[in-house]
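Each remark here refers to the structure printed beneath this line.
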Amino acid sequence: MTDFRRVVRVSGPPSFRLSRIGLWLIGVFVLSCFSTAVAVVSRPSQPDAAATVVFFSLLGSIFVVAVLLVAAIAGYQVQAARERNQGYTWQSDQFRNLDQIDPASYVVIRPAGDEYLSEVERKSRQMQARAWAAKNPVAP
C-alpha cells in the first residue's frame, strides 16, 4: 500500500488515548488495592489517628480511581462507536469492514475489506504512514 490518506477525525479525545488512560488507571487501581491490603494487614491492634487517616485515604483513593476508570471506559465506548460510525478504527484485529488507521497520524494503514495485518506489517505500515504524514501536514 503506497497511497496513504487521512481519515476525518471525530471530535473529542481519540478512543486510542482513552484506552491507554484506562490501562494506566487499571494499574493505579491495582496498586491502590495492594497498598490498602498492606495497610490493613500491617495495622497495629490499637490503631492511632495516623493509621486511621492512612487507611481511609487509601480507601478513598480506590474509590476515586474506580470512578475515573468507569468514566474512561464509558468515554472509550462512546468514542470508539463514533469512530466506527465514521468508518475507521485503530484496532488491528477487529472490524475488517472498517479502515484501520495509525492512531498517531490518522492515516489509513489497511483499507476496509483487506486482510488483517500481521504485527510486522502493521508496524511497518505505521512507520510509513507517519513518514507520509510528516511530509503531508494537515491543512489548517
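Output the 0 to 90 degree angle, nearest 10, between the alpha-carbon long axis of helix 119-135 and the longest principal axis computed from the alpha carbons of the chain.
Roughly 70 degrees between the two axes.
Of the listed values (i) 44, 15, 13; (ii) 21, 16, 14; (iii) 35, 15, 12, identify the label whose number matches semi-axes √(5λ) of the Cα gyration tensor in Å calculated from this model.
The value computed from this structure is option (i).
Whole-Hz Karplus ³J(HN,Hα) for region 28-37, in order, using 6.51 cos²θ - 1.76 cosθ + 1.60 and θ = phi - 60°, x for Gly and Pro?
5, 4, 4, 5, 5, 5, 5, 4, 5, 4
Okay, helix-only estimate at 222 nm for the chain: each DSSP H run of n ≥ 4 adds -39500 (n - 2.57), divide by all residues, round to 500 deg cm²/dmol; what do you get?
On the way: 3 runs with 82 residues, N = 140.
Value at 222 nm, helices only: -21000 deg cm²/dmol.
³J(HN,Hα) across region 94-109 via Karplus (A = 6.51, B = -1.76, C = 1.60, θ = phi - 60°), whole Hz, x for Gly/Pro?
9, 6, 4, 7, 10, 5, 9, 10, 7, x, 7, 10, 6, 9, 5, 10
Can you give me the relative contact order of region 1-107 as a percent, contacts being Cα pairs under 8 Å and 6 or more apart?
About 42 percent, as a whole number.
As a test question: what accessible area, to the nearest 10 Å², does VAL64 have when a 1.4 Å probe is rolled over all protein chains in place?
Result for VAL64: roughly 80 Å² accessible.
Under a point-charge model restricted to the Cβ atoms of Lys and Arg (+1) and Asp and Glu (-1), what is the dipole moment magnitude of the chain relative to its Cα centre, in debye to the nearest 20?
340
On the accessible surface of region 1-88, probed at 1.4 Å, how many percent belong to carbon and sulfur atoms? Don't jump to the answer; show the numbers that get you there.
Numbers: 4080 of 5780 Å².
Percent of accessible area from carbon and sulfur atoms in region 1-88: 71.
Chymotrypsin sites (Phe, Trp or Tyr not before Pro), restricted to region 77-140: which are DSSP loop and have at most 15 other Cβ atoms within 10 Å? The partial results should precede the final answer.
On the way: sites: TYR88, TRP90, PHE95, TYR106, TYR116, TRP132; in loops: TRP90, PHE95, TYR106, TYR116.
When the chymotrypsin sites (Phe, Trp or Tyr not before Pro) of region 77-140 are filtered for loop state and at most 15 Cβ neighbours within 10 Å, TYR116 remain.
In whole angstrom, how far apart do the alpha carbon centroids of region 9-53 and region 54-73 sit?
Rounded to whole Å, the Cα centres lie 6 Å apart.
Mean separation of Cα pairs under 8 Å and 6+ residues apart, divided by the residue count of region 59-139: what relative contact order is that in percent?
Working: 68 pairs, mean separation 14.5, N = 81.
Answer for region 59-139 is 18 percent.
With a sphere of radius 14 Å drawn around the Cβ of VAL78, what net charge do the other residues whose Cβ falls strictly inside it have (Lys, Arg +1; Asp, Glu -1)? Show your work: numbers first, answer last.
Values: positive: ARG17, ARG82, ARG84; negative: GLU83.
Its environment carries a net charge of +2.
Restricting to DSSP loop positions (anything but H, G, I, E, B) with no more than 14 other Cβ atoms inside 10 Å of their own Cβ, which trypsin sites (Lys or Arg not before Pro) remain in region 1-93? Numbers along the way, then the final one.
Values: sites: ARG5, ARG6, ARG9, ARG17, ARG20, ARG82, ARG84; in loops: ARG5, ARG9.
Hits after loop and neighbour filter: ARG5, ARG9.
On a 0 to 90 degree scale, rounded to 10, what angle separates helix 49-86 from the longest Cα axis of the chain?
20
Which cross-chain or sequence-distant (5 or more) residues have an amide H under 5 Å from the amide H of ARG110, H modelled 1.01 Å from N in plane?
GLN100
Rounded to the nearest whole Å², what accessible area per residue is found for the chain with the 1.4 Å probe? Spell out each step's value before the answer.
On the way: 8860 Å² over 140 residues.
I get 63 Å² per residue for the chain.
The values are calculated or read from the model by the stated rules, or taken from the named source; none is laboratory data. A quick note: this is a predicted structure, and the numbers were derived from the prediction, not measured. Reconstructed Cβ throughout: ideal geometry from the backbone, glycine too, with neighbour counts over all protein chains shown. All accessible areas refer to the heavy atoms of the entire protein, side chains included, with ligands and DNA or RNA removed. Shrake-Rupley method; radii C 1.70, N 1.55, O 1.52, S 1.80 Å.
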